[in-house]
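One structure is given below, encoded as structure tokens.
The values are calculated or read from the model by the stated rules, or taken from the named source; none is laboratory data. Keep in mind that this is a model prediction, so the values were computed, not measured. Cβ coordinates were reconstructed from backbone atoms using ideal geometry, including for glycine residues, and neighbour counts include every protein chain displayed. Remember, those area values only see protein heavy atoms, side chains included, never the ligands or the DNA or RNA. Shrake-Rupley method; radii C 1.70, N 1.55, O 1.52, S 1.80 Å.
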Amino acid sequence: MRYIAVIGDDEWEKYSPGRSDLLMLARVDLANSLVTLVTIPRDTAYTWEDGSKIKVNMAYERGGAEAACKAVSTIAGVPVTDYVTVGFDGLQSIVGYFNGIEVDVPYDFSYSFYTKDFPDEEYTAGVQTLDPWRVMAISRARTGYPQYGFLGDVIRQAVDRQMLTTMLDLVLSAEDPAGTAEALLPFVETNIAKEDALGMITQLSQADEVTVYGTTGPVNGDTDAESGLWLTTYYPDRWEKLMQVVDLGGDPSTVNVQDEGFSDSPEAPINTKTVLTPQK
């Protein structure tokens with residue numbers, strides 16, 4: 001079993017260096033054919049090495065993948081040194097390799113690029129195949145959902161976990177899973193040895209079923225008086241409670257770490273269980 005930080009680098013043209021708005025902890029349990037994806041919300045409060053309070057997505061901006069791994073390890077309370085980083089170009093290249101991917105879009109919404117350098121992308125709810133550009137855009141989208149009464153970033157997290165699970169399924173179900181994974185490696189950055197990465201894919205592809213759990217840490221927050229930033233509150237006790245279940249390979253839906261009264265979207269729920277059946 002190993003933990004891997006999955007980092008989405010949001011570097012965009014003149015917006016450099018990027019932050020890690022997408023930040024997941026992947027627990028890969030080859031012996032039990034189990035993958036658990038735990039999102040670390042982008043705004044989670046984190047103490048930087050100089051003692052200042054920052055958003056956890058800023059750790060990657062300041063110190064790269066190693067700093068992001070340290071932040072994930074600190075917040076989740078488990079050792080994390082392995083990472084896989086993908087940027088917007090890399091994501092589009094992966095999706096292009098598969099000629100688009102199927103996405104269950106949870107709601108009708110409009111995504112407006114914060115840079116204002118491209119037209120808005122309009123999405124209609126339902127299962128559909130999205131091309132590389134539209135996958136990239138929806139992976140960023142967190143401001144188009146206010147009319148539905150749910151936290152937009154929580155919906156973005158759910159969509160991102162769904163898409164990562166779909167891409168894993170496409171790799172595992174390929175005629176040559178290891179060869180497919182090798183073809184995709186140039187589109188990401190990782191410190192995992194090539195033979196280790198391909199070995200994990202090969203072993204998972206040989207299972208009758210691969211279970212993928214998805215969840216997130218605490219999501220609610222407020223403006224922090226000290227830093228002036230809007231921060232997702234870091235609850236060490238809640239993270240410990242969640243990770244006790246995850247570390248044992250349990251179903252994260254059996255533990256609730258959200259605030260009392262939190263409203264979960266029925267169309268993009270926090271907790272999911274997907275069973276993949278690799279084709280042999």
statement: If we ask which residues in the range 7-34 are in a strand (DSSP E or B), crowded, with 23+ Cβ neighbours inside 10 Å and not charged (D, E, K, R), their number turns out to be 6
task: Pick out the one residue from GLY64, GLY51, GLY77, GLY96 that is modelled with pLDDT under 95, surrounded by fewer than 22 Cβ atoms within 10 Å (Cβ to Cβ) and farther than 23 Å from ARG142 by Cβ.
output: GLY51
field: Index of the failed condition, LEU185 passing every other in (1) more than 17 Å from the chain's Cα centre (by Cα); (2) open to solvent by less than 70 Å² (accessible area, probe 1.4 Å); (3) within 30 Å of GLN258 (Cα to Cα)
entry: (3)
task: Confirm whether PRO186 is within 26 Å of VAL86 (Cα to Cα) and part of a loop (DSSP other than H, G, I, E, B).
output: no
- line: Screening ASP237, ASP169 for residues that are among the acidic types (Asp, Glu), outside any loop (DSSP other than H, G, I, E, B), under 29 Å from TYR145 (Cα atoms) and at pLDDT 95 or above leaves only ASP169
- prompt: Only one residue in GLY228, GLY214 is open to solvent by less than 60 Å² (accessible area, probe 1.4 Å), at positive phi and not in a helix (DSSP H, G or I). Which one?
  reply: GLY228
- request: Check THR233 against each of (1) in contact (Cβ under 8 Å) with a residue 12 or more places away in the chain; (2) touching a Leu at 6+ places or on another chain (Cβ under 9 Å) and name the one condition it does not meet.
  value: (2)
- prompt: Regarding ASP224, is this residue of a type in the set (D, E, K, R) and in contact (Cβ under 8 Å) with a residue 12 or more places away in the chain?
  reply: yes
Residue satisfying condition, being more than 30 Å from LYS241 (Cβ to Cβ), surrounded by fewer than 19 Cβ atoms within 10 Å (Cβ to Cβ), touching a strand residue (DSSP E or B) at 6+ places or on another chain (Cβ under 8 Å) and charged (D, E, K, R), within set ASP117, ASP131, ASP108, ASP104: ASP108
